[in-house]
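Trainee: One structure coming up, written as structure tokens, with questions to follow.
The values are calculated or read from the model by the stated rules, or taken from the named source; none is laboratory data. Please read all numbers here as calculations on a predicted model, not as lab measurements. Note: ideal-geometry Cβ built from the backbone for every residue, glycine included; neighbour counts use all protein chains shown. All accessible areas refer to the heavy atoms of the entire protein, side chains included, with ligands and DNA or RNA removed. Shrake-Rupley method; radii C 1.70, N 1.55, O 1.52, S 1.80 Å.
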Amino acid sequence: MSPFLIKAIQFFLSLSLLIVLHEMGHFIPAKLFKTRVEKFYLFFDVKFSLFKKKIGETVYGIGWLPLGGYVKISGMIDESMDTEAMQEEPKEWEFRSKPAWQRLIIMLGGVTVNFVLALVIYIGMAYAYGDQYIPGDSLKDGVHVTEKTIGDELGIETGDKIIAVDGQKIKDFNTVFMDIINGSSITIERDGQTIEKEIPVDFIATLIEDKDRARFLGPRIPFVIAEVSPESLNKDAGLEPKDEIVEIAGKKISYFDEVKPILEQYKGEKINLTVVRDKSVRKVVPVVINDSAQIGVRPGMVSMDEMEKRGLLRLETEKYTFAESIPAGINKGVNTLTGYLKQLKKIFNPDTGAYKGVGGFAAIGGLFPETWNWEVFWGTTAFLSIMLAVLNLLPIPALDGGHVMFLLYEMVSGRKPSDKFLEYAQMIGFFMLLALILFANGNDLYRYLMGK
């Protein structure tokens, strides 16, 4: 099965699960308050449905347009814009006839389910998988800044140790990238000195401009050969995959990031490399350095377990009992929500340029891996559930947050907005949502066409 198809299946499975449960969050309180639900749909049934079946007073179906889903509640001005029914006298089983507090619960049901679902997933993941992480202060010789121009803008260099972001100590090095994106200041240790750096307000825009530069930080890793290029000048020199280069022209190296400056001195020359083979045998291999200061090999990855054995970093694993997994999962959910709100705040601030990174379906689908991995699938689904809940709470007519905004106004003022006002608001909200969808997916298309 192709990687694209695997990503697509995961995306649609996750999306379908989230939509059905979100709409169930509206459906259940509506039924509890004896409000008639006319339709319950996964995806939109514009003109026709792929499947539908009426059970009791509700038609359950699957539409063909995968932009979301909906429940059609009688006596409610929603995306169906069924204004004819609204001109009749209110019936006791209609949404508009229910007390404001019941209508508020019905409207908040979807996002409540999304938040609860995320917490349940995180609790389950904590119990099933635990947490394995790299403590931020455990990198023996600091970080590798893979893109110097990005590092210069941020004010960090290869070899720096990242201590904290916004004064919060880095517990897990794997989270440092998102911490920096969401942060305003970074604390580093360089040559035994602690230095505080301000994160540029438009730093996120710099990363968005080139996706290949986005992951500009990583642990420093040894130089292990993955493959000798067939076009390399040194294809017959005697280098082999898994050889680790430890000396270049007599100069000892510990990390891959030390190689380039040395090779620059020997362009077009023949020098000796010292490699370690099978973790114990040292061999001297004569090689020719090409005019681009390259050996002609592809560097390979070194596992985190191997890095730990060498003392280059430390791995810590936390396992949880079922009781312990509950607070651990809740904490993960709260941290994820807080991080997403920080991202959203940056998106609404034009100075950050974060709006350029807003993505549509392609960007969301890209969150899933190219191979099936249940841990990643559930983690991504939990994040998307939080994202869906937050976005639905935005006070935009046609979203749950828009309905909640008008209901709160009614409960505070004692006056209900007129049906005509709600109709116009719904139409405006619909066009706002359409514009957002076009913008987000337009960003996806632009990045694809520009190769970003």
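Trainee: Where in the chain are the DSSP H helices whose alpha-carbon span along the long axis reaches 30 Å or more and whose Kyte-Doolittle mean is at least 1.0?
Mentor: What comes out of the filter, once short or polar helices are dropped, is 3-32, 100-129.
Trainee: Considering the values (i) 27.3; (ii) 22.7; (iii) 24.9, which represents mean projected area of the Cα convex hull in nm² as calculated for the structure under consideration?
Mentor: (i)
Trainee: As a test, work out the antiparallel percent of DSSP beta bridges whose residues both lie in the chain, rounded to the nearest 5.
Mentor: 90
Trainee: Can you give the log10 of the normalised intensity I(q)/I(0) at q = 0.21 Å⁻¹, computed with Debye over equal Cα scatterers of region 299-385?
Mentor: Each listed q corresponds, in turn, to -1.12.
Trainee: Now for a separate question. Where in region 393-437 does the amide nitrogen come within less than 18 Å of the point 7 Å from the Cα of Val46, taken along Cα to Cβ?
Mentor: 398-399, 427-437
Trainee: How long are the three semi-axes of the equivalent ellipsoid of region 215-350, in whole Å, if each is the root of 5 times an eigenvalue of the C-alpha gyration tensor, listed from largest down?
Mentor: Ellipsoid semi-axes (Å, largest first): 42, 21, 12.
Trainee: How many Å² of accessible area per residue for the chain, probe 1.4 Å?
Mentor: For the chain, the per-residue accessible area is 54 Å².
Trainee: Counting only protein heavy atoms and a 1.4 Å probe, tell me what percentage of region 91-145's accessible area is made up of carbon and sulfur.
Mentor: Roughly 62 percent of what the probe reaches on region 91-145 is carbon or sulfur.
Trainee: Moving to a separate point now. Among all the lysines, which ones have a C-alpha under 28 Å from Lys169's C-alpha, if same-chain residues fewer than 8 places away are not counted?
Mentor: Lys140, Lys148, Lys161, Lys197, Lys211, Lys309, Lys319, Lys332, Lys342, Lys345, Lys346
Trainee: Of the listed peptides 156-166, 188-198, what is their order by residue-averaged count of other C-beta atoms within 10 Å, with the highest listed first?
Mentor: Peptide ranking by packing, descending: 156-166, 188-198.
Trainee: Oh, and also: Excluding same-chain residues fewer than 8 positions from Lys7, which aspartates and glutamates have a Cα within less than 18 Å of its Cα?
Mentor: Glu370, Glu375, Asp444
Trainee: Skipping prolines and chain starts, which residues have an amide H placed within reach, meaning under 5 Å, of the one on Lys140, given they are 5 or more residues away or on another chain?
Mentor: Close amide H contacts, sequence-distant or interchain: Leu313.
Trainee: Among all the lysines, which ones have a C-alpha under 22 Å from Lys39's C-alpha, if same-chain residues fewer than 8 places away are not counted?
Mentor: Reachable lysines: Lys31, Lys47, Lys52, Lys53, Lys54, Lys72, Lys91, Lys98.
Trainee: Can I ask one more? P(r) for region 118-233, please, calculated from all Cα pair distances in 10 Å bins and given in %.
Mentor: Histogram of Cα-Cα distances, whole percents per bin: 12, 38, 28, 18, 4, 0.
Trainee: Please report how far the C-alpha centroid of region 373-436 lies from that of region 181-197, rounded to the nearest whole angstrom.
Mentor: That distance is 39 Å.
Trainee: Express the Stokes-Einstein translational diffusion coefficient of region 2-149 in µm² s⁻¹, to the nearest whole number, given a Kirkwood radius over alpha-carbon pairs, 4 °C and a viscosity of 1.567 mPa s.
Mentor: Calculated translational D: 70 µm²/s.
Trainee: So, with a 1.4 angstrom probe, what is the percent of accessible area on region 367-435 that is carbon and sulfur?
Mentor: Result for region 367-435: 72 percent of the exposed heavy-atom area is carbon or sulfur.
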